[in-house]
1. Select the helices (runs of 4 or more DSSP H) contained entirely in the stretch A:275-355, then report the ones holding at least 1 residues which are in contact with a Ser or Thr (Cβ under 7 Å, 6 or more places away or on another chain).
2. So B:GLY110 fits all but one of (1) out of contact with any strand residue (DSSP E or B) (no Cβ under 8 Å at 6 or more places or on another chain); (2) buried (at least 19 other Cβ atoms within 10 Å of the Cβ); what number is the exception?
3. Only one residue in A:GLU57, A:GLU38, A:GLU97 is at negative phi and either among the hydroxyl-bearing types (Ser, Thr, Tyr) or surrounded by fewer than 22 Cβ atoms within 10 Å (Cβ to Cβ) (or both), so which one is that?
4. When both residues are 6+ apart or on different chains and their Cβ atoms are under 6 Å apart, which pairs have a first residue that lies in the stretch B:41-60 and is within 8 Å of chain A (Cβ to nearest Cβ), and a second that is of a type in the set (S, T, N, Q) and open to solvent by less than 10 Å² (accessible area, probe 1.4 Å)?
5. For the stretch B:213-233, check the following and say yes or no: at least one residue is touching a Pro at 6+ places or on another chain (Cβ under 6 Å) and within 25 Å of B:ILE94 (Cα to Cα).
6. Being aliphatic (A, V, I, L, M) and surrounded by 10 or more Cβ atoms within 10 Å (Cβ to Cβ) is the filter; apply it to the stretch A:197-217 and report the residue that is farthest from the chain's Cα centre (by Cα).
7. Scan the stretch A:173-196 residue by residue and report those that are open to solvent by 20 Å² or more (accessible area, probe 1.4 Å) and assigned to a helix (DSSP H, G or I).
8. Could we say that B:ASN125 is among the polar types (S, T, N, Q) and open to solvent by 30 Å² or more (accessible area, probe 1.4 Å) here?
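The values are calculated or read from the model by the stated rules, or taken from the named source; none is laboratory data. Being a predicted model, the structure only gives us computed values, none of them experimental. Using ideal geometry, Cβ is built from the backbone for each residue, glycine included, and neighbour counts are taken over all protein chains shown. Side chains included, ligands, DNA and RNA excluded: accessible areas come from the protein's heavy atoms. Shrake-Rupley method; radii C 1.70, N 1.55, O 1.52, S 1.80 Å.
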Amino acid sequence: MNVTKLMKGNEALAEAAIRAGCDAYFGYPITPQSEVLEYLAREMPRHNRIVLQAESEVASINMVYGAAGAGFRAMTSSSSPGFSLMQEGISYLAGAELPCLLVNVNRAGPGLGTIQPGQGDYFQATKGGGHGDYRLIVLAPASVQEMADHVFLGFDLADQYRNPVVILSDGAIGQMMEKVTFKPYQKPTADKSWATTGKPASRKRNAISSLFIQPERMEQHNLKLTEKFNRIRESEIRFEEVNTNDADYLLVAYGLSARIAQKAMDLARAKGLRVGLLRPITLFPFPEKRLRELATQVQGMLTVELNSGQMVEDVRLAVEGRVPVAHYGRMGGMIFTPEEIERQLETFFEKAYAN
Amino acid sequence: MQTDEPVTHACVPDDYDVAYHRPAALMDVNMHYCPGCAHSLVHKLLMEVVDELGIQDQTIGVAPVGCSVFAYEYMNIDMQEAAHGRACAVATAIKRLMPDKFVFTYQGDGDLAAIGIAETLHAINRGENILIVFMNNAVYGMTSGQMAPTTLPGMKTTTSPFGRDTKFYGAPMKIAELVAQLPGSSYVTRQVVNSPHGVRKTKQALLKAFDWQKQNAGTCLIEIIGNCPSNWRMTPLEASRFIDEEMVKSFPVGDIKTPDQPSLAPTPENL
């Protein structure tokens, strides 16, 4: 039976974790995501699940490692500075191929920055983030509903590919209240015969490890991971398109920025500019192929991001120089208005016309 | 190599009784440890205890970065390798999710006392029902002999080439005494393994610790004064003497804290 509630993004995410069968949550307080830990500290014990406030983000990510290695659905959440602290552990999780769900409610940086929303962690999330060659599956919710939906999807993808999944949200999506509907969910069965649950006489011992001291074996492991990331690229790209059928120009934006960009698109259309929007839902894998296709149709693309220009690099790589790609960003917790973006559109496309 | 079969001794004639053999829970492989190193001995003791308690199928070990990072190659139990210093956080999660299992960490002094001190103290303060086997050999072994928090005053290492100056780097950290202060710790002891007596005492400590874990007594920490002949630049015999003559001055041997409830663990013979 569907259940509809009015909730904060962070709370919807936490409630979804319970409904997705999350066995254990480990976290550390940091604004603007502390509601996740608070909600789960209150609710998880009622479901006989494990919730623990760790002594640091370093500890909480390693607790996730222990829980995931033992075959349980485990997650943590944090915000930018705390997520940076977790990067070593995330690299180990990826190296040991442990499924888990990680949440970064992005605030503005660098350094301590501000607690206001930002999208400056795009590079960190989509290019690996820690040391070594690895990728995370990155989901970018643009609504409270997706904050919940991506939890179910994220856990399932993590189990399917034995890889950490990141929900890259931001302070606005995390803090805003919206309607959210929870649908019935059946946890898919996942093979966790590799988990450390105690070695019976009937099987060999299980070891969770990312250590390959012999270079030949290390390379083989890296090739195996690369093959997995390529499979993810082939099968898991998700995006949303609005008004792209007749579009002459394309806005590309994710998360909070996509909501504002969509309003800007409406303003532009009211003025007769045929503008479309592509919203990547997965940031890794990135909708490169679709962008390349659209590059044969539109005359230019504009990425709108709450950073100084990060996703724009991936859009440029995708279109391979077919059309001009520009970036418009606000930073440091400042958020653009639809009018502001629409003015950018006009300025940018004037230039495009002149070319 | 996987050996779940009973231990066979090809070299032993049929009409001989085997008085001493490799524990079944210890893999039949060559270890990478240096000649004379205490790690292999303590591995064996741990797995003997697992054998004797019949808990191979209920035991999960966590070995972080350090010389013992390959422990999962030697111990025939389920194991997780942890990042440097994070074993107690990893073990916390495993034990919380599977409270009926036996969970231990196996950590060196650089790992536990330096980079992992926060995870260690907080796990113990929470009274996690885990066993921490703390191998203290006063140096970073794997990275070839740098100064550790437990390096003795005046002791020369590759990063304290003129000897550890306590005015500059402080005194050796007495981890066992430190963690005994925390209410969450139950059994805290320091043992040596450079004599038959010490080996038997260490084994008894391990047996007790597993028993107290079964009783949910809180965190047990067994600090074992190890050695590092290679990085101490000593023969194994010289290293053994160094433990008796120098190490035990900074790290006195014996029980520091015992729980109120008695251990039901058996006492090894000849103790």
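1. Values: elements: A:288-294, A:311-319, A:338-354.
Here the list reads A:288-294, A:311-319.
2. So B:GLY110 meets the others, but not (1).
3. Details: A:GLU57 fails: either among the hydroxyl-bearing types (Ser, Thr, Tyr) or surrounded by fewer than 22 Cβ atoms within 10 Å (Cβ to Cβ) (or both); A:GLU97 fails: at negative phi.
Step by step, each of A:GLU57, A:GLU38, A:GLU97 is checked, and only A:GLU38 is at negative phi and either among the hydroxyl-bearing types (Ser, Thr, Tyr) or surrounded by fewer than 22 Cβ atoms within 10 Å (Cβ to Cβ) (or both).
4. Close Cβ pairs (under 6 Å, with a partner that is of a type in the set (S, T, N, Q) and open to solvent by less than 10 Å² (accessible area, probe 1.4 Å)) amount to B:ILE60/A:THR196.
5. Initially, the stretch B:213-233 is screened for residues touching a Pro at 6+ places or on another chain (Cβ under 6 Å), giving B:217, B:229.
From what is left, the residues that are within 25 Å of B:ILE94 (Cα to Cα) are B:217.
Among the residues of the stretch B:213-233, at least one is touching a Pro at 6+ places or on another chain (Cβ under 6 Å) and within 25 Å of B:ILE94 (Cα to Cα), which makes the answer yes.
6. Pass one, the stretch A:197-217, residues aliphatic (A, V, I, L, M): A:201, A:207-208, A:211, A:213.
Retained after the next criterion (residues that are surrounded by 10 or more Cβ atoms within 10 Å (Cβ to Cβ)): A:207-208, A:211.
On the way: A:ALA207: 29, A:ILE208: 25, A:LEU211: 27 Å.
Only one residue fits best here, namely A:ALA207.
7. Quick first cut of the stretch A:173-196, residues open to solvent by 20 Å² or more (accessible area, probe 1.4 Å) only: A:175-179, A:181, A:183-194.
Selection gives A:GLN175 alone.
8. Details: among the polar types (S, T, N, Q): yes; open to solvent by 30 Å² or more (accessible area, probe 1.4 Å): yes.
Criteria met by B:ASN125.
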